[in-house]
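The values are calculated or read from the model by the stated rules, or taken from the named source; none is laboratory data. Only a predicted model underlies this, so the values are computations on that prediction, with no experimental measurement involved. Note that we place each Cβ from the backbone using ideal geometry, even for glycine, and neighbour counts take in every protein chain shown. Protein only, heavy atoms only, side chains kept; ligands, DNA and RNA dropped before computing areas. Shrake-Rupley method; radii C 1.70, N 1.55, O 1.52, S 1.80 Å.
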Amino acid sequence: MTLDLSAGPPLAVNILDAQSLLSAFGVLGIAVVLFAETGLLIGFFLPGDSLLFTAGLLCTTGASDGLKLSLPGVMVASAAGALLGAQCGYLLGRRAGAPLLARGRSTRLRAGADRAGELLERYGYARAVVLARFVPVVRTVLNPMAGALGVPSRTFTVWQTAGGLLWTQGLVVAGFALGSSIPNVDRYLLPLIALIVVLSLLPLAAELLRARAARRKEARR
């Protein structure tokens, strides 16, 4: 039995697979996923980077046999989800405070929280908020942490908007540009998504290794 995607969302959706999400929910799925990833701590595992890049690819004429997205629609949905999500996370942090992050049991979430704290301390509010957009997990926890630490609302809003637009529009346009320049790009979609996922995890992996090395150095003293 074949499943007609035009009749509605498929019965099973892999929320970790960007193409599966886009096939099921289209541009609405982009807004919802980015809102959850940047605004709700439970969304730290969602594939924001690969989703944006894949959406850009699927806006090109030859990106996929069965799915083509609208570039303006993708750009608006991605910006709305990322900006509203970050602002929601910030407000949650202001109301719930640091205990909101302390209750998390995930190792990745705790590592992201440590990294977010270091970014705020090392680079200051503005640069940290912008840089966090490009680091998985960190972009989830920095927003509530900024609220809990009392980062001024105006400062946070201005710089999370700048970082959010740079992150979302940059990856979407990159995917669109690549899809426009390579014929039959859908043949390479899975390797490209895998590459984006690996590249997006490199900053967090590097930070975990750096933190482990620092702990070993301290233990030897």
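All of Leu166, Leu178 fail the test of being open to solvent by 50 Å² or more (accessible area, probe 1.4 Å), part of a helix (DSSP H, G or I), at pLDDT 80 or above and of a type outside the set (Gly, Ala, Ser), apart from Leu166.
With respect to Gly97, determine if the residue is at pLDDT below 80 and either open to solvent by 30 Å² or more (accessible area, probe 1.4 Å) or under 24 Å from Ile42 (Cα atoms) (or both). Yes: the conditions hold for Gly97.
Do we find that Phe134 is closer than 17 Å to Phe35 by Cα, open to solvent by less than 10 Å² (accessible area, probe 1.4 Å) and either modelled with pLDDT of 90 or more or not in a helix (DSSP H, G or I) (or both) in this structure? Considered against the rule, which asks whether it is closer than 17 Å to Phe35 by Cα, open to solvent by less than 10 Å² (accessible area, probe 1.4 Å) and either modelled with pLDDT of 90 or more or not in a helix (DSSP H, G or I) (or both), Phe134 comes out as no. The residues on offer are Val76, Val27, Val32, and the sole one that is under 12 Å from Gln169 (Cα atoms) and either without any contact (Cβ under 8 Å) to a residue 12 or more places away in the chain or open to solvent by 40 Å² or more (accessible area, probe 1.4 Å) (or both) is Val76. The single residue among Gly43, Gly56 that is modelled with pLDDT of 85 or more, of a type outside the set (Asp, Glu) and under 23 Å from Leu202 (Cβ atoms) turns out to be Gly56.
Could you tell me whether the stretch 139-152 includes any residue that is within 21 Å of Ala31 (Cβ to Cβ), open to solvent by 50 Å² or more (accessible area, probe 1.4 Å) and over 15 Å from the mean Cα position of the chain (by Cα)? Looking for residues that are within 21 Å of Ala31 (Cβ to Cβ), open to solvent by 50 Å² or more (accessible area, probe 1.4 Å) and over 15 Å from the mean Cα position of the chain (by Cα), one finds none in the stretch 139-152, hence no.
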